[in-house]
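Okay, structure first, notes after.
The values are calculated or read from the model by the stated rules, or taken from the named source; none is laboratory data. All values derive from a computational prediction rather than experimental measurement. Cβ sites come from the backbone with ideal geometry, for glycine too, and all protein chains shown count toward neighbours. Areas reflect the complete protein model, heavy atoms only, side chains present, ligands, DNA and RNA absent. Shrake-Rupley method; radii C 1.70, N 1.55, O 1.52, S 1.80 Å.
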Amino acid sequence: MTLDKLQFETKYLSLDPEFYELTKPIPLNEPYFISFNPEVAELIDLDEVRKDDATFLKLLNGTFIPESAKTFAMCYAGHQFSHYAIRLGDGRAINYGSINGWNIQTKGSGETAYSRTADGRAALPSSIREYLMSEAMHHLGIPSTRALGIIGSQTKLLRNTIEKGAIIMRLSPSWIRFGTFEYFSYLKEYDKLKSLTDYAITESYPHLENKEDRYYQFFSEVVERTAKLIAHWQGVGFCHGVMNTDNMSIAGLTLDYGPFSMLDDFDFGFVCNSTDKAGRYAYGEQPNISYWNLTKFSKALAPIIDVKKMEQKLEDYGSFIYPNAYIKVMRQKMGLEFELNEDMELIENLVGTLQDAYIDHTIFFRTLSHYDGERMPIFELAMNPVPLDTWLTLYDKRLEKETRTHTERQNFMLKTNPKYVLKNYMLQDAIALTKGGNFSRVEELLYIAQHPFDELPEFEKFAVETPEHYKNVTLSCSS
Ligand code: AMP
Ligand code: MG
(Lines give C-alpha, C1' and ligand atoms only; values in the text may rest on other atoms or scores of the structure.)
(Ligands and ions follow the chains in the order given, each with its own letter.)
Protein backbone atom coordinates (compact mmCIF):
# COMPACT_ATOMS: atom_id res chain seq x y z
CA MET A 1 0.00 0.00 0.00
CA THR A 2 1.25 3.48 -0.78
CA LEU A 3 0.60 6.56 1.33
CA ASP A 4 -1.94 8.06 -1.05
CA LYS A 5 -4.08 4.90 -0.89
CA LEU A 6 -4.37 4.52 2.88
CA GLN A 7 -7.90 3.46 3.81
CA PHE A 8 -9.09 4.86 7.13
CA GLU A 9 -12.14 3.81 9.12
CA THR A 10 -13.67 6.43 11.39
CA LYS A 11 -15.76 4.47 13.86
CA TYR A 12 -15.28 7.00 16.65
CA LEU A 13 -17.43 9.42 14.69
CA SER A 14 -20.41 7.10 15.14
CA LEU A 15 -20.46 8.25 18.77
CA ASP A 16 -22.42 11.34 19.83
CA PRO A 17 -20.90 14.58 18.44
CA GLU A 18 -20.05 15.65 22.00
CA PHE A 19 -17.23 13.09 21.93
CA TYR A 20 -15.18 15.01 19.36
CA GLU A 21 -14.86 18.10 17.16
CA LEU A 22 -14.27 17.81 13.47
CA THR A 23 -11.22 19.87 12.74
CA LYS A 24 -8.50 20.37 10.14
CA PRO A 25 -4.75 20.27 10.66
CA ILE A 26 -2.91 23.57 10.27
CA PRO A 27 0.35 22.97 8.36
CA LEU A 28 3.79 23.93 9.62
CA ASN A 29 6.09 26.16 7.56
CA GLU A 30 8.82 24.60 5.42
CA PRO A 31 8.39 21.04 6.66
CA TYR A 32 11.30 18.65 6.31
CA PHE A 33 11.77 14.92 6.78
CA ILE A 34 13.42 13.65 9.96
CA SER A 35 12.65 9.96 10.27
CA PHE A 36 10.35 7.18 9.18
CA ASN A 37 9.82 3.90 11.02
CA PRO A 38 9.29 0.97 8.59
CA GLU A 39 8.37 -1.41 11.41
CA VAL A 40 5.30 0.65 12.30
CA ALA A 41 4.47 1.13 8.62
CA GLU A 42 4.03 -2.63 8.39
CA LEU A 43 1.27 -2.49 10.99
CA ILE A 44 -0.86 -0.56 8.54
CA ASP A 45 0.38 -2.43 5.44
CA LEU A 46 2.24 0.62 4.25
CA ASP A 47 5.17 0.31 1.86
CA GLU A 48 8.52 1.72 2.85
CA VAL A 49 8.58 5.50 2.43
CA ARG A 50 11.66 7.05 0.86
CA LYS A 51 13.34 9.98 2.54
CA ASP A 52 12.36 12.28 -0.32
CA ASP A 53 8.76 11.08 -0.57
CA ALA A 54 6.74 14.28 -0.89
CA THR A 55 3.49 12.55 0.09
CA PHE A 56 4.94 11.57 3.47
CA LEU A 57 5.71 15.20 4.27
CA LYS A 58 2.30 16.28 3.07
CA LEU A 59 0.48 13.58 5.03
CA LEU A 60 2.22 14.40 8.30
CA ASN A 61 1.92 18.13 7.71
CA GLY A 62 -1.77 17.88 6.90
CA THR A 63 -1.58 19.29 3.38
CA PHE A 64 -2.63 15.90 2.04
CA ILE A 65 -5.55 14.20 3.76
CA PRO A 66 -6.54 10.81 2.28
CA GLU A 67 -10.15 10.77 1.10
CA SER A 68 -11.19 8.08 3.56
CA ALA A 69 -9.87 10.02 6.57
CA LYS A 70 -12.02 12.38 8.64
CA THR A 71 -9.96 14.61 10.86
CA PHE A 72 -11.13 15.23 14.40
CA ALA A 73 -10.01 15.95 17.94
CA MET A 74 -11.25 13.88 20.91
CA CYS A 75 -12.77 15.34 24.02
CA TYR A 76 -11.73 14.34 27.54
CA ALA A 77 -11.23 15.70 31.02
CA GLY A 78 -8.86 14.60 33.77
CA HIS A 79 -7.30 15.05 37.17
CA GLN A 80 -4.09 17.00 36.68
CA PHE A 81 -1.81 16.96 39.74
CA SER A 82 -4.90 15.92 41.75
CA HIS A 83 -7.12 18.79 40.55
CA TYR A 84 -10.02 18.08 38.28
CA ALA A 85 -10.02 19.86 34.90
CA ILE A 86 -13.52 19.64 33.45
CA ARG A 87 -12.49 19.90 29.82
CA LEU A 88 -9.17 19.02 28.27
CA GLY A 89 -9.19 17.04 25.03
CA ASP A 90 -6.80 16.76 22.10
CA GLY A 91 -5.41 20.28 22.18
CA ARG A 92 -2.66 19.44 19.73
CA ALA A 93 -3.48 16.01 18.32
CA ILE A 94 -5.64 15.35 15.30
CA ASN A 95 -7.13 11.94 14.57
CA TYR A 96 -7.43 10.56 11.08
CA GLY A 97 -9.30 7.31 11.80
CA SER A 98 -7.98 3.76 12.06
CA ILE A 99 -6.28 1.17 9.87
CA ASN A 100 -6.01 -2.49 10.94
CA GLY A 101 -7.22 -1.46 14.39
CA TRP A 102 -4.53 1.20 14.79
CA ASN A 103 -5.97 4.65 15.50
CA ILE A 104 -3.79 7.21 13.83
CA GLN A 105 -3.08 10.75 15.01
CA THR A 106 -0.74 13.54 14.19
CA LYS A 107 0.57 15.44 17.22
CA GLY A 108 1.45 19.10 16.82
CA SER A 109 -0.93 19.88 13.96
CA GLY A 110 -2.27 23.16 15.29
CA GLU A 111 -5.13 24.43 17.37
CA THR A 112 -8.28 22.47 17.97
CA ALA A 113 -11.43 23.24 19.92
CA TYR A 114 -9.60 21.90 22.98
CA SER A 115 -6.40 23.95 22.75
CA ARG A 116 -7.57 26.51 25.29
CA THR A 117 -4.89 29.24 25.28
CA ALA A 118 -2.10 27.07 23.88
CA ASP A 119 -0.81 26.93 20.31
CA GLY A 120 -1.68 23.35 19.32
CA ARG A 121 1.96 22.68 18.48
CA ALA A 122 4.60 20.23 19.62
CA ALA A 123 8.22 21.38 19.81
CA LEU A 124 10.96 19.45 18.04
CA PRO A 125 12.65 18.17 21.24
CA SER A 126 9.53 16.62 22.77
CA SER A 127 8.51 15.19 19.41
CA ILE A 128 11.84 13.41 18.93
CA ARG A 129 11.59 12.15 22.49
CA GLU A 130 8.14 10.66 21.96
CA TYR A 131 9.03 9.25 18.54
CA LEU A 132 12.00 7.33 19.92
CA MET A 133 10.79 6.46 23.40
CA SER A 134 7.46 4.98 22.36
CA GLU A 135 9.40 2.65 20.08
CA ALA A 136 11.88 1.79 22.83
CA MET A 137 9.08 0.93 25.26
CA HIS A 138 7.41 -1.36 22.77
CA HIS A 139 10.64 -3.25 22.16
CA LEU A 140 11.27 -3.54 25.88
CA GLY A 141 8.04 -5.51 25.95
CA ILE A 142 6.05 -2.69 27.58
CA PRO A 143 2.66 -1.84 26.07
CA SER A 144 2.89 1.52 24.35
CA THR A 145 1.56 3.70 21.59
CA ARG A 146 3.82 3.66 18.52
CA ALA A 147 5.08 6.26 16.02
CA LEU A 148 5.30 6.07 12.24
CA GLY A 149 7.41 9.08 11.49
CA ILE A 150 8.44 12.59 12.33
CA ILE A 151 8.88 15.85 10.44
CA GLY A 152 10.42 19.16 11.49
CA SER A 153 9.71 22.69 10.30
CA GLN A 154 10.67 26.34 10.49
CA THR A 155 7.53 27.33 12.41
CA LYS A 156 8.67 29.12 15.57
CA LEU A 157 7.17 28.26 18.93
CA LEU A 158 7.48 30.10 22.18
CA ARG A 159 8.53 27.68 24.91
CA ASN A 160 11.15 28.18 27.62
CA THR A 161 13.17 29.35 24.66
CA ILE A 162 12.22 29.65 20.96
CA GLU A 163 11.73 26.18 19.51
CA LYS A 164 10.66 24.88 16.11
CA GLY A 165 7.45 23.00 15.54
CA ALA A 166 7.48 19.30 14.63
CA ILE A 167 4.83 16.67 13.99
CA ILE A 168 4.84 12.98 14.75
CA MET A 169 2.32 10.54 13.36
CA ARG A 170 1.44 8.18 16.20
CA LEU A 171 -0.67 5.05 16.40
CA SER A 172 -2.56 3.34 19.17
CA PRO A 173 -5.06 0.51 19.58
CA SER A 174 -6.99 3.11 21.63
CA TRP A 175 -6.64 6.78 22.53
CA ILE A 176 -9.33 6.58 25.19
CA ARG A 177 -8.19 7.75 28.61
CA PHE A 178 -9.51 7.50 32.17
CA GLY A 179 -10.25 11.19 31.63
CA THR A 180 -12.57 10.45 28.70
CA PHE A 181 -14.85 8.62 31.17
CA GLU A 182 -14.49 11.37 33.73
CA TYR A 183 -15.65 13.95 31.20
CA PHE A 184 -19.09 12.40 30.67
CA SER A 185 -19.52 11.23 34.24
CA TYR A 186 -18.90 14.62 35.81
CA LEU A 187 -21.40 16.14 33.38
CA LYS A 188 -23.87 13.44 34.48
CA GLU A 189 -24.26 12.34 30.85
CA TYR A 190 -24.78 8.71 31.79
CA ASP A 191 -26.10 7.51 28.43
CA LYS A 192 -22.94 8.80 26.84
CA LEU A 193 -20.90 7.20 29.60
CA LYS A 194 -22.52 3.90 28.66
CA SER A 195 -21.93 4.34 24.95
CA LEU A 196 -18.29 5.22 25.68
CA THR A 197 -17.94 2.05 27.77
CA ASP A 198 -19.49 -0.03 24.99
CA TYR A 199 -17.15 1.61 22.50
CA ALA A 200 -14.08 1.00 24.68
CA ILE A 201 -15.08 -2.65 25.16
CA THR A 202 -15.41 -3.19 21.41
CA GLU A 203 -12.14 -1.41 20.75
CA SER A 204 -9.93 -2.88 23.48
CA TYR A 205 -11.80 -5.74 25.21
CA PRO A 206 -13.89 -7.37 22.45
CA HIS A 207 -14.01 -10.71 24.33
CA LEU A 208 -16.30 -8.99 26.86
CA GLU A 209 -18.82 -7.74 24.32
CA ASN A 210 -21.55 -10.26 25.05
CA LYS A 211 -20.81 -10.82 28.73
CA GLU A 212 -23.71 -10.06 31.05
CA ASP A 213 -21.57 -8.24 33.62
CA ARG A 214 -19.44 -6.63 30.95
CA TYR A 215 -19.16 -3.15 32.46
CA TYR A 216 -17.72 -4.48 35.70
CA GLN A 217 -15.54 -6.95 33.76
CA PHE A 218 -14.25 -4.04 31.72
CA PHE A 219 -13.32 -2.10 34.86
CA SER A 220 -11.74 -5.20 36.30
CA GLU A 221 -9.57 -5.77 33.22
CA VAL A 222 -8.49 -2.14 33.07
CA VAL A 223 -7.31 -2.59 36.68
CA GLU A 224 -5.38 -5.74 35.73
CA ARG A 225 -3.76 -4.16 32.70
CA THR A 226 -2.81 -1.08 34.69
CA ALA A 227 -1.10 -3.28 37.28
CA LYS A 228 0.94 -5.02 34.59
CA LEU A 229 1.87 -1.73 32.95
CA ILE A 230 3.05 -0.04 36.13
CA ALA A 231 4.92 -3.17 37.23
CA HIS A 232 6.79 -3.04 33.91
CA TRP A 233 7.60 0.64 34.38
CA GLN A 234 9.00 -0.03 37.85
CA GLY A 235 10.99 -2.99 36.62
CA VAL A 236 12.64 -1.21 33.74
CA GLY A 237 13.03 2.09 35.60
CA PHE A 238 10.68 4.23 33.52
CA CYS A 239 9.33 7.42 35.06
CA HIS A 240 6.33 8.83 33.20
CA GLY A 241 6.42 12.26 34.78
CA VAL A 242 2.78 13.29 34.25
CA MET A 243 0.54 10.49 35.50
CA ASN A 244 -2.58 12.63 35.32
CA THR A 245 -5.78 10.70 34.63
CA ASP A 246 -5.94 12.19 31.13
CA ASN A 247 -2.65 10.43 30.43
CA MET A 248 -3.84 7.03 31.68
CA SER A 249 -4.85 4.61 28.93
CA ILE A 250 -7.89 2.41 29.41
CA ALA A 251 -6.08 -0.14 27.24
CA GLY A 252 -3.14 -0.30 29.66
CA LEU A 253 -0.65 1.39 27.34
CA THR A 254 2.09 3.89 27.99
CA LEU A 255 0.49 7.06 26.69
CA ASP A 256 1.52 10.68 26.12
CA TYR A 257 5.25 10.95 26.44
CA GLY A 258 6.18 14.25 28.07
CA PRO A 259 9.00 14.87 30.55
CA PHE A 260 9.55 11.11 31.06
CA SER A 261 12.91 9.66 32.02
CA MET A 262 14.62 6.34 32.47
CA LEU A 263 16.35 6.08 35.83
CA ASP A 264 20.05 6.78 35.80
CA ASP A 265 21.07 5.70 39.32
CA PHE A 266 18.28 3.81 41.07
CA ASP A 267 16.33 6.28 43.19
CA PHE A 268 12.78 5.95 44.49
CA GLY A 269 12.66 9.73 44.97
CA PHE A 270 13.66 10.65 41.43
CA VAL A 271 11.27 13.21 39.90
CA CYS A 272 11.76 13.73 36.19
CA ASN A 273 9.22 16.53 35.76
CA SER A 274 10.75 19.84 36.84
CA THR A 275 7.28 21.34 37.37
CA ASP A 276 6.39 18.58 39.85
CA LYS A 277 7.83 20.32 42.89
CA ALA A 278 6.05 18.09 45.40
CA GLY A 279 7.32 14.91 43.76
CA ARG A 280 3.82 13.58 43.23
CA TYR A 281 4.98 11.58 40.23
CA ALA A 282 8.35 10.45 41.62
CA TYR A 283 9.54 7.03 40.40
CA GLY A 284 8.74 5.36 43.72
CA GLU A 285 5.25 6.90 43.83
CA GLN A 286 4.05 5.53 40.50
CA PRO A 287 2.33 2.43 41.94
CA ASN A 288 0.47 4.56 44.53
CA ILE A 289 -0.51 7.07 41.88
CA SER A 290 -1.81 4.33 39.61
CA TYR A 291 -4.07 3.27 42.50
CA TRP A 292 -5.20 6.86 43.02
CA ASN A 293 -5.94 7.19 39.31
CA LEU A 294 -7.91 3.95 39.31
CA THR A 295 -10.03 5.24 42.18
CA LYS A 296 -10.88 8.29 40.05
CA PHE A 297 -11.67 5.99 37.15
CA SER A 298 -13.99 3.94 39.38
CA LYS A 299 -15.67 7.13 40.57
CA ALA A 300 -16.35 8.04 36.94
CA LEU A 301 -17.88 4.62 36.36
CA ALA A 302 -19.91 4.58 39.58
CA PRO A 303 -23.18 5.57 37.86
CA ILE A 304 -23.12 2.40 35.75
CA ILE A 305 -21.22 -0.21 37.80
CA ASP A 306 -21.77 -1.69 41.27
CA VAL A 307 -19.62 0.50 43.50
CA LYS A 308 -19.01 -2.19 46.13
CA LYS A 309 -17.56 -4.53 43.53
CA MET A 310 -15.27 -1.82 42.22
CA GLU A 311 -14.13 -0.98 45.75
CA GLN A 312 -13.28 -4.61 46.34
CA LYS A 313 -11.30 -4.72 43.10
CA LEU A 314 -9.36 -1.63 44.11
CA GLU A 315 -8.60 -3.13 47.49
CA ASP A 316 -7.33 -6.22 45.68
CA TYR A 317 -5.22 -3.99 43.46
CA GLY A 318 -3.33 -2.70 46.48
CA SER A 319 -3.15 -5.97 48.35
CA PHE A 320 -2.24 -8.45 45.64
CA ILE A 321 -2.99 -7.52 42.00
CA TYR A 322 -0.28 -4.90 41.72
CA PRO A 323 2.17 -6.62 44.12
CA ASN A 324 1.83 -9.89 42.20
CA ALA A 325 2.41 -8.14 38.87
CA TYR A 326 5.48 -6.45 40.33
CA ILE A 327 6.85 -9.64 41.88
CA LYS A 328 6.46 -11.38 38.53
CA VAL A 329 8.44 -8.68 36.72
CA MET A 330 11.16 -8.65 39.38
CA ARG A 331 11.45 -12.44 39.49
CA GLN A 332 12.11 -12.34 35.78
CA LYS A 333 14.68 -9.61 36.21
CA MET A 334 16.45 -11.77 38.78
CA GLY A 335 16.19 -14.81 36.54
CA LEU A 336 14.13 -16.82 39.02
CA GLU A 337 12.04 -19.62 37.64
CA PHE A 338 10.29 -20.86 40.78
CA GLU A 339 7.76 -18.77 42.67
CA LEU A 340 8.62 -18.85 46.35
CA ASN A 341 6.93 -16.89 49.13
CA GLU A 342 10.25 -15.50 50.29
CA ASP A 343 10.77 -13.71 46.94
CA MET A 344 9.03 -10.49 47.97
CA GLU A 345 11.50 -10.10 50.81
CA LEU A 346 14.39 -10.65 48.41
CA ILE A 347 12.96 -7.98 46.09
CA GLU A 348 12.37 -5.48 48.88
CA ASN A 349 15.87 -6.09 50.08
CA LEU A 350 17.20 -5.62 46.56
CA VAL A 351 15.53 -2.27 45.89
CA GLY A 352 16.58 -1.02 49.32
CA THR A 353 20.11 -2.11 48.44
CA LEU A 354 20.01 -0.34 45.08
CA GLN A 355 18.74 2.82 46.76
CA ASP A 356 21.74 2.78 49.11
CA ALA A 357 24.35 1.70 46.57
CA TYR A 358 24.22 4.65 44.11
CA ILE A 359 24.18 2.40 41.11
CA ASP A 360 22.93 2.67 37.53
CA HIS A 361 19.64 0.79 37.37
CA THR A 362 19.99 -0.57 33.83
CA ILE A 363 23.66 -1.51 34.08
CA PHE A 364 23.15 -3.23 37.43
CA PHE A 365 20.54 -5.61 36.04
CA ARG A 366 22.48 -6.20 32.83
CA THR A 367 25.59 -7.02 34.85
CA LEU A 368 23.56 -9.24 37.18
CA SER A 369 22.49 -11.08 34.04
CA HIS A 370 26.11 -12.25 33.67
CA TYR A 371 26.47 -13.17 37.37
CA ASP A 372 28.18 -16.49 38.07
CA GLY A 373 29.13 -16.01 41.70
CA GLU A 374 31.91 -13.50 40.95
CA ARG A 375 30.86 -10.28 42.69
CA MET A 376 33.55 -7.86 41.59
CA PRO A 377 31.93 -6.77 38.29
CA ILE A 378 28.85 -5.74 40.29
CA PHE A 379 30.75 -4.02 43.08
CA GLU A 380 32.63 -1.96 40.52
CA LEU A 381 29.39 -0.35 39.39
CA ALA A 382 28.42 1.09 42.75
CA MET A 383 29.60 4.08 44.68
CA ASN A 384 28.69 2.14 47.81
CA PRO A 385 29.07 -1.62 47.17
CA VAL A 386 28.68 -2.73 50.83
CA PRO A 387 24.90 -3.37 50.76
CA LEU A 388 25.29 -5.26 47.47
CA ASP A 389 27.52 -7.80 49.16
CA THR A 390 24.82 -8.58 51.71
CA TRP A 391 22.13 -8.85 49.06
CA LEU A 392 24.22 -11.09 46.81
CA THR A 393 24.59 -13.53 49.69
CA LEU A 394 20.79 -13.74 49.90
CA TYR A 395 20.62 -14.08 46.12
CA ASP A 396 23.16 -16.90 46.11
CA LYS A 397 21.07 -18.76 48.69
CA ARG A 398 17.93 -18.22 46.64
CA LEU A 399 19.65 -19.45 43.47
CA GLU A 400 20.43 -22.72 45.21
CA LYS A 401 16.68 -23.43 45.19
CA GLU A 402 16.53 -23.08 41.39
CA THR A 403 17.23 -25.88 38.94
CA ARG A 404 18.45 -23.67 36.09
CA THR A 405 22.17 -23.66 35.44
CA HIS A 406 24.08 -20.36 35.53
CA THR A 407 24.13 -20.34 31.75
CA GLU A 408 20.41 -20.99 31.41
CA ARG A 409 19.61 -18.25 33.91
CA GLN A 410 22.02 -15.84 32.24
CA ASN A 411 20.52 -16.45 28.81
CA PHE A 412 17.05 -15.79 30.19
CA MET A 413 18.12 -12.63 32.01
CA LEU A 414 19.92 -11.23 28.99
CA LYS A 415 16.57 -11.28 27.22
CA THR A 416 14.84 -9.64 30.19
CA ASN A 417 17.28 -6.94 31.29
CA PRO A 418 18.08 -4.54 28.44
CA LYS A 419 21.54 -3.54 27.44
CA TYR A 420 20.21 -0.36 25.80
CA VAL A 421 17.67 2.09 27.12
CA LEU A 422 17.16 5.66 25.95
CA LYS A 423 18.43 7.86 28.71
CA ASN A 424 17.57 11.54 28.67
CA TYR A 425 21.09 12.67 27.91
CA MET A 426 21.18 10.51 24.78
CA LEU A 427 17.91 12.00 23.63
CA GLN A 428 19.16 15.51 24.40
CA ASP A 429 22.29 14.88 22.30
CA ALA A 430 20.20 13.57 19.41
CA ILE A 431 17.96 16.65 19.62
CA ALA A 432 20.94 19.02 19.60
CA LEU A 433 22.31 17.32 16.47
CA THR A 434 18.91 17.44 14.78
CA LYS A 435 18.73 21.17 15.37
CA GLY A 436 21.99 21.41 13.42
CA GLY A 437 20.49 19.39 10.56
CA ASN A 438 22.09 16.08 11.45
CA PHE A 439 19.50 13.30 11.83
CA SER A 440 21.90 10.38 12.03
CA ARG A 441 21.70 10.11 15.83
CA VAL A 442 17.93 9.81 15.64
CA GLU A 443 18.42 6.81 13.35
CA GLU A 444 21.03 5.30 15.66
CA LEU A 445 18.78 5.67 18.68
CA LEU A 446 15.86 4.24 16.74
CA TYR A 447 18.04 1.23 16.00
CA ILE A 448 19.08 0.62 19.61
CA ALA A 449 15.50 1.29 20.72
CA GLN A 450 14.45 -1.57 18.49
CA HIS A 451 17.25 -3.90 19.70
CA PRO A 452 17.46 -3.30 23.45
CA PHE A 453 18.60 -6.82 24.40
CA ASP A 454 21.22 -7.33 21.68
CA GLU A 455 24.97 -6.90 22.01
CA LEU A 456 25.78 -4.20 19.46
CA PRO A 457 29.53 -3.53 19.56
CA GLU A 458 29.21 -0.47 17.31
CA PHE A 459 26.79 1.11 19.83
CA GLU A 460 28.70 0.28 23.02
CA LYS A 461 28.85 4.02 23.76
CA PHE A 462 25.10 3.94 24.48
CA ALA A 463 25.44 1.23 27.12
CA VAL A 464 27.71 3.07 29.54
CA GLU A 465 26.94 4.78 32.82
CA THR A 466 25.39 8.22 32.40
CA PRO A 467 28.12 10.86 32.68
CA GLU A 468 27.90 12.42 36.16
CA HIS A 469 26.92 15.92 35.00
CA TYR A 470 24.14 14.48 32.81
CA LYS A 471 22.54 12.40 35.54
CA ASN A 472 18.95 13.05 36.58
CA VAL A 473 18.17 15.60 33.88
CA THR A 474 14.67 16.91 34.51
CA LEU A 475 12.32 18.45 31.96
CA SER A 476 9.09 20.41 32.13
CA CYS A 477 5.78 19.53 30.49
CA SER A 478 6.37 22.17 27.84
CA SER A 479 9.88 21.05 26.87
P1 AMP B 1 -0.17 16.81 28.34
O2 AMP B 1 0.32 17.18 29.70
O3 AMP B 1 0.83 17.06 27.24
O4 AMP B 1 -0.71 15.44 28.29
O5 AMP B 1 -1.36 17.85 28.01
C6 AMP B 1 -2.44 18.14 28.86
C7 AMP B 1 -3.49 18.85 28.06
O8 AMP B 1 -2.98 20.06 27.51
C9 AMP B 1 -4.04 18.07 26.88
O10 AMP B 1 -5.39 18.40 26.75
C11 AMP B 1 -3.22 18.58 25.72
O12 AMP B 1 -3.86 18.42 24.48
C13 AMP B 1 -3.08 20.06 26.09
N14 AMP B 1 -1.89 20.68 25.52
C15 AMP B 1 -0.60 20.50 25.90
N16 AMP B 1 0.23 21.24 25.14
C17 AMP B 1 -0.54 21.92 24.27
C18 AMP B 1 -0.29 22.86 23.23
N19 AMP B 1 0.94 23.27 22.92
N20 AMP B 1 -1.36 23.32 22.53
C21 AMP B 1 -2.61 22.92 22.82
N22 AMP B 1 -2.91 22.07 23.79
C23 AMP B 1 -1.90 21.55 24.51
MG1 MG C 1 -1.81 14.22 27.66
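Each of the GluC sites (Glu not before Pro) that DSSP puts in a loop and that has at most 11 other Cβ atoms within 10 Å breaks the chain; the longest unbroken stretch is 68-208. Here is the list for the stretch 412-479: trypsin sites (Lys or Arg not before Pro) lying in DSSP coil, each with at most 15 other C-beta atoms within 10 angstrom of its C-beta, are LYS415. Heavy-atom accessible area with a 1.4 Å probe sorts HIS232, HIS240, HIS83, largest first, into HIS83, HIS232, HIS240. Within a straight-line Cα-Cα reach of under 20 Å, LYS397 can be paired with the following lysines, leaving aside sequence neighbours fewer than 8 residues apart in one chain: LYS328, LYS333. Only Cα pairs under 8 Å and 6+ residues apart enter the sum, and on that basis the relative contact order of the stretch 9-79 stands at 51 percent.
Based on the alpha-carbon gyration tensor of the stretch 3-172 and its eigenvalue square roots a ≥ b ≥ c, which shape applies: rounded if a/c is under 1.5, prolate if not and a/b is larger than b/c, or oblate? It comes out rounded by the Cα gyration axes. Loop-resident trypsin sites (Lys or Arg not before Pro) (DSSP state other than H, G, I, E or B) in the stretch 196-271 with no more than 15 further Cβ atoms inside 10 Å of their Cβ: LYS211. Residue farthest toward the positive end of the dipole of the chain, with Cβ of Lys/Arg at +1 and Asp/Glu at -1: which of MET169, HIS240, ASN37? Going by the Cα projections, it comes out as MET169. The slack between ASN29 and LYS397, meaning 0.36 nm per residue of separation minus the straight C-alpha distance, is 126.2 nm. Estimated at 0.36 nm per residue, the fully extended path between GLN154 and GLU408 surpasses their Cα-Cα distance by 86.2 nm. Restriction of the chymotrypsin sites (Phe, Trp or Tyr not before Pro) in the stretch 317-368 to DSSP coil positions whose beta-carbon has at most 15 other beta-carbons within 10 angstrom yields PHE338, TYR358.
Given +1 at the Cβ of Lys and Arg, -1 at the Cβ of Asp and Glu and no other charges, the dipole of the stretch 336-414 around its Cα centre is 160 debye to the nearest 20.
Take the Cα of SER14, step 7 Å toward its Cβ, do the same at GLU311, and the gap between the two points is 3.7 nm.
Placing +1 on the Cβ of every Lys and Arg and -1 on the Cβ of every Asp and Glu, with nothing else charged, gives the stretch 1-124 a dipole about its Cα centre of roughly 420 debye. Rounded to the nearest 10 square angstrom, ILE327 shows an accessible area of 20 square angstrom against a 1.4 Å probe. Computed about its Cα centre, the charge dipole of the chain is approximately 1260 debye, with only Lys, Arg, Asp and Glu carrying charge at their Cβ.
Projecting the Cα positions of ALA382, LEU294, LEU346 onto the charge dipole of the stretch 293-393 (unit charges on Cβ atoms of Lys, Arg, Asp and Glu, taken about the Cα centre) puts LEU294 furthest along the positive direction. Straight-line cross-link partners of LYS299 among the lysines, defined as a Cα under 19 Å from its Cα and at least 8 positions apart when in the same chain: LYS188, LYS192, LYS194, LYS308, LYS309, LYS313. Converting phi to 3J(HN,Hα) with the Karplus coefficients 6.51, -1.76 and 1.60 and the offset θ = phi - 60°, the stretch 188-204 yields 6, 8, 6, 5, 5, 4, 5, 5, 5, 5, 4, 4, 5, 5, 4, 6, 10 Hz in sequence order, with x at every glycine or proline.
Note that the chain presents 40 Å² accessible area per residue, ligands and nucleic acids not counted, probe 1.4 Å.
Our estimate of slack between ALA432 and ASP191, defined as 0.36 nm per intervening residue step minus the Cα-Cα distance, is 81.8 nm. Taking 22 Å as the limit for the C-alpha separation, the pairs LYS228/LYS401; LYS11/LYS58; LYS24/LYS58 exceed it in the case of LYS228/LYS401; LYS11/LYS58. When both the stretch 292-325 and the stretch 412-441 are represented by their alpha-carbon centers, they are found 37 Å apart. Accessible area of VAL421 (1.4 Å probe, protein heavy atoms only, ligands and nucleic acids ignored): about 10 Å².
Rounded to the nearest whole Hz, the Karplus-based 3J(HN,Hα) values (6.51 cos²θ - 1.76 cosθ + 1.60, θ = phi - 60°) of the stretch 20-35 follow the sequence 7, 10, 5, 7, 10, x, 10, x, 7, 7, 6, x, 9, 6, 10, 7, with x at glycine and proline. Of the solvent-accessible surface of the stretch 13-58, computed with a 1.4 Å probe and all protein chains present, 49% belongs to carbon and sulfur.
For a straight C-alpha distance cut-off of 25 angstrom, the lysines reachable from LYS51 (same-chain residues fewer than eight places away being disregarded) are LYS5, LYS107, LYS156, LYS164, LYS435. Accessible-area rank, largest first, for HIS361, HIS451: HIS451, HIS361, with all protein chains present and a 1.4 angstrom probe.
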